[in-house]
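Encoded as structure tokens, the structure appears first; notes follow it.
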Amino acid sequence: MAYSSRQGSIMKIGIIGAGNIGGNLTRRLTALGHEVSVANSRGPHTLTALAEETGATAVAASEAARGAEVVVVTVPLKNVPDLPAGLFDGAADGFVVIDTGNYYPRERDGRIDAIEDEGLTESRWTERQIGHPVVKAFNGTYAQDILERPRPAGDPERLALPLAGDDAAAKEKVRLLVDELGFDSVDAGGIDDSWRQQPDTPVYGLREGVDAVTKALAEASPERPEGFRG
């Protein structure tokens, strides 16, 4: 890894979803010393290799949030309604949920009427499904960059990631975690503004610093692209 730093306090973090983003966040966050529980839809026995590699604890999805200060939900959008009831039972007081999700109606998720007909942002829809506010982050990040592109603060090659959320304290907690992971962040507004970082917007997949990310967010159009309609 290009960069590793321990700056904040050690946290208990739950990661629900062990795909590319979830797996690489597990790798980085454990390397930074955090206590990580990781879950997927198939059960902890399928996560043995990741747990052995990282030192994370493989758990059932219903257990991932127990004691967690931060919970990362990184599952396909179509699977969000299938997450177990009581998903956040036993989470730490004031816990924060990070949503990395994107809506791909044609390739994966099928049509979600509330997003297309009611105009909900993807993360507002997710909030309604899981019953808890979220901070949208990492949704437009290349998974491999989480491992390969961290840089110390002030490095001219340090990338910036957009964050959206309605709770300032939650966003600040996520910002500090993103900083610890080796990235800058740009406040993209509230969850109703998070369309600015959805798929096919200028900032989606952008590998640039704060100024370019800020400019890309400002240039986004609220109209959903034709290719991302069901």
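What does the charge count around Ala51 come to, taking other residues whose C-beta lies under 13 Å from its C-beta (Lys +1, Arg +1, Asp -1, Glu -1)? Provide the component values of the computation, followed by the final result.
Values: positive: Arg27; negative: Glu35, Glu52, Glu53.
That sum, taken over residues with Cβ under 13 Å, equals -2.
Roughly to the nearest percent, how much of the accessible area of segment 38-173 is carbon and sulfur, given a 1.4 Å probe?
Details: 2800 of 6040 Å².
Its accessible area is 46 percent carbon and sulfur atoms.
Could you give the nm distance between label points at Arg106 and Glu208, where each point is 7 Å from its Cα heading toward the beta carbon?
Reported label-point gap for Arg106 and Glu208 is 2.5 nm.
Sequence-distant or interchain residues sharing an amide H contact under 5 Å with Ser37, placed H: which?
Ile13, Gly14, Ile15, Thr57
Spin-label point model (7 Å from Cα, Cβ direction): what's the His45 to Ser9 distance in nm?
Distance between the two pseudo-spin positions: 3.8 nm.
Can you tell me the relative contact order of segment 26-151? Whole percent, Cα pairs under 8 Å, sequence separation 6 or more.
On the way: 171 pairs, mean separation 26.0, N = 126.
For segment 26-151, the relative contact order is 21 percent.
Express as a percent, rounded to the nearest 5, the fraction of DSSP beta bridges in the chain (both residues included) that run antiparallel. Intermediate results must be reported in sequence, preceding the final value.
Values: 2 of 23 bridges.
Beta bridges within the chain, antiparallel portion: roughly 10 percent.
Using DSSP H assignments, which helices in the chain have an axial alpha-carbon span of 27 Å or above and a mean Kyte-Doolittle hydropathy of -0.5 or higher? Walk me through the intermediate numbers first.
Working: long enough: none.
Membrane-span-like by this criterion, though nothing is claimed about a membrane: none.
Going by Cα centres, segment 43-64 and segment 172-192 are how many Å apart?
Here the two parts' Cα centres lie 26 Å apart.
Is the shape of the chain rounded, prolate or oblate, going by the alpha carbon gyration tensor and its root eigenvalues a ≥ b ≥ c, with a/c under 1.5 for rounded and a/b larger than b/c for prolate? Write out the running numbers ahead of the final one.
Values: a/c = 1.59, a/b = 1.11, b/c = 1.44.
Note, shape of the chain comes out oblate.
In debye to the nearest 20, how big a dipole does the chain give about its Cα centre with +1 on each Lys and Arg Cβ and -1 on each Asp and Glu Cβ?
On the way: 24 positive and 36 negative charges, 101 e Å.
Approximately 480 debye in magnitude.
Provide the gained length on full extension for the span Glu226 to Leu147, in nm with one decimal, where the gain is 0.36 nm per separating residue minus the Cα-Cα distance. Can you show the working numbers first?
Values: separation 79, 0.36 × 79 = 28.44 nm, distance 3.24 nm.
Gain on stretching Glu226 to Leu147: 25.2 nm.
Which of the listed residues, Ile21, Val71, Ile98, is farthest toward the dipole's positive end in segment 1-142, when Lys, Arg count +1 and Asp, Glu count -1 at the beta-carbon?
Of Ile21, Val71, Ile98, it is Ile21.
Search the structure for amide H atoms under 5 Å from the amide H of Val186, placed 1.01 Å from N in the peptide plane, and list their residues when 5 or more places away or on another chain.
Under 5 Å from the amide H of Val186 lie the amide H atoms of Leu161, Leu163, each far enough along the sequence or on another chain.
The values are calculated or read from the model by the stated rules, or taken from the named source; none is laboratory data. Just so we're clear, the structure is a prediction, and the values are computed from it rather than from any experiment. Because the Cβ atoms are built from the backbone with ideal geometry, glycine has one as well, and the counts that use them run over all protein chains shown. Areas reflect the complete protein model, heavy atoms only, side chains present, ligands, DNA and RNA absent. Shrake-Rupley method; radii C 1.70, N 1.55, O 1.52, S 1.80 Å.
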